[in-house]
Each structure stands twice: as C-alpha cells, then as structure tokens.
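A.B. asks: Below: one structure in structure tokens.
Since every read-out is calculated from the coordinates, none of them should be taken as a lab result. Just so it is clear, the model here is predicted, and its values are computed rather than measured. Because the Cβ atoms are built from the backbone with ideal geometry, glycine has one as well, and the counts that use them run over all protein chains shown.
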Amino acid sequence: MSKKIKISGLEYEVIEQEYFKTPDDERNLWGYCDYEQQKIYIRSSLSTEKKKQVLIHELTHAIFHGAGYTEQDEDTVHRISLVMHQVIKENISTFNEMFSYD
C-alpha cells in the first residue's frame with residue numbers, strides 16, 4: 001500500500017521497495033525523491049526508525065524543491081532532517097493535540 005503526502009500543492013507517493021536507482025547515480029540509496037514523478041522511495045529493509053529518518057530527509061528535499069531551491073546541499077538537508085526527526089519524535093503528542101484535523 002502506498003502513502004501520499006502533499007508538498008507545495010503536489011501529491012508525492014511514498015513507496016517502500018528494496019531496490020531503486022536514481023537517474024544519475026548507480027548506488028542503491030536508502031531513499032530518493034523524484035521531483036518529476038512526485039515519488040519518494042524508501043528502502044524497505046531499513047528498520048522502522050531508519051525509515052522515518054529517511055522519509056523526513058527526502059521530505060526535506062521535496063520541501064526545498066517546492067520552495068524553489070533547485071540546487072541543494074546534501075549536508076544541509078541531512079542536518080535539518082535529523083533535527084526535524086528529533087523534534088517530531090520527541091513532541092509527537094503535542095503535535096497530535098495541536099493539529100487535530102477533522
């Protein structure tokens with residue numbers, strides 16, 4: 001079952017699968033954000049916690065892209081996504097209370 005996340009008005013499909021390749025990279029990565037197809041790939045064999053970290057990392061790429069940053073520094077994306085993962089993880093009950101959408 002795939003999941004969908006809207007970013008900057010675009011619906012991205014989140015896909016868990018073991019192997020995927022990027023158009024310009026031969027490595028088998030942990031995750032990849034395809035802006036043209038609006039797909040985020042996450043390696044299926046990762047632990048649940050690592051999948052969450054990788055998803056937030058790829059979401060950060062999509063957010064930057066949606067904000068017009070076509071050139072992205074991987075180190076910056078990595079640092080922001082690690083902090084964002086920690087903030088969400090340690091404050092999830094507050095988010096759930098504050099942002100209950102019906």
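A.B. asks: Relative to the first principal axis of the alpha-carbon coordinates of the chain, what is the inclination of helix 74-90, with its axis defined by its Cα atoms, in degrees from 0 to 90 and to the nearest 10?
C.D. replies: Orientation of helix 74-90: about 30 degrees from the principal axis.
A.B. asks: If you plug each phi of the range 7-17 into the Karplus form 6.51 cos²θ - 1.76 cosθ + 1.60 with θ = phi - 60°, what whole-Hz ³J(HN,Hα) values come out, in order, with x for Gly and Pro?
C.D. replies: Those phi angles translate into 9, 6, x, 9, 8, 9, 8, 9, 10, 9, 8 Hz.
A.B. asks: Once amide H atoms are placed 1.01 Å from N in the peptide plane, what residues at a sequence separation of 5 or more from PHE20, or on another chain, have their amide H within under 5 Å of its amide H?
C.D. replies: LEU29
A.B. asks: Tell me the mean residue ellipticity at 222 nm calculated for the chain from its helices only (DSSP H runs of n ≥ 4, each -39500 (n - 2.57), averaged over every residue, nearest 500).
C.D. replies: Calculated mean residue ellipticity at 222 nm is -13500 deg cm²/dmol.
A.B. asks: Between LEU29 and ILE15, what length in nm is gained on full extension when 0.36 nm per residue of separation is reduced by their alpha carbon distance? Walk me through the numbers on the way to the answer.
C.D. replies: Working: separation 14, 0.36 × 14 = 5.04 nm, distance 1.35 nm.
Between LEU29 and ILE15, full extension yields an extra 3.7 nm.
A.B. asks: Which cross-chain or sequence-distant (5 or more) residues have an amide H under 5 Å from the amide H of TYR12, H modelled 1.01 Å from N in plane?
C.D. replies: Long-range HN contacts for TYR12: ILE5, LYS6, ILE7.
A.B. asks: Out of (1) 14.5; (2) 13.6; (3) 17.2, which label holds the value of Kirkwood radius over Cα pairs in Å that was computed here?
C.D. replies: Label (1) holds the value from this structure.
A.B. asks: Taking every DSSP beta bridge with both residues inside the chain, roughly what % is antiparallel (nearest 5)? Before the final figure, lay out each step's value.
C.D. replies: On the way: 10 of 15 bridges.
Around 65 percent antiparallel, to the nearest 5.
A.B. asks: Using the crude model of +1 on Lys and Arg Cβ and -1 on Asp and Glu Cβ, and no other charge, please compute the dipole size for the chain relative to its Cα centre, in debye to 20. Before the final figure, lay out each step's value.
C.D. replies: Values: 12 positive and 18 negative charges, 69 e Å.
Charge dipole of the chain: 340 debye, to the nearest 20.
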